[in-house]
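Quick one: the structure is below, questions incoming.
The values are calculated or read from the model by the stated rules, or taken from the named source; none is laboratory data. Please read all numbers here as calculations on a predicted model, not as lab measurements. As a convention, Cβ positions derive from the backbone with ideal geometry for all residues, glycine included, and neighbour counts pool all protein chains shown.
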Amino acid sequence: MTRNKTNCPTPATGGILTTTPAAIAEGNLYPEFAGHAKMRELFDLSRTHLYRLSSEGRIKSVSLRERGKTRGRRLYDVQSIRDYINANVEKEVAND
């Protein structure tokens, strides 16, 4: 089976090309919830710092644990971390 190249969109034939990065097609770059490793990658916040902020109620998190198990997986709300950081940026600007 051969492919007819005249039907392929190219700039020369007036076809539409996308400039969307391949990474977006492969996965979600902006997750709603993520674990501590992804939070380290996105915001450079340690697991200890995230846990402390969560226990103080400054950011939102959820612990996923099966009934009867002693361990689970803690996920952090990415938007609440962005809101926390933005609130601190505004305070820093106001202090100058």
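Test SER54 against the criterion of being at pLDDT below 95 and touching a strand residue (DSSP E or B) at 6+ places or on another chain (Cβ under 7 Å), and give yes or no.
Values: at pLDDT below 95: no; touching a strand residue (DSSP E or B) at 6+ places or on another chain (Cβ under 7 Å): yes.
It is false that SER54 is at pLDDT below 95 and touching a strand residue (DSSP E or B) at 6+ places or on another chain (Cβ under 7 Å).
Which residues, taken from the range 50-72, are part of a helix (DSSP H, G or I) and within 17 Å of ASN86 (Cα to Cα)?
LEU50, LEU53, SER54, listed by residue number.
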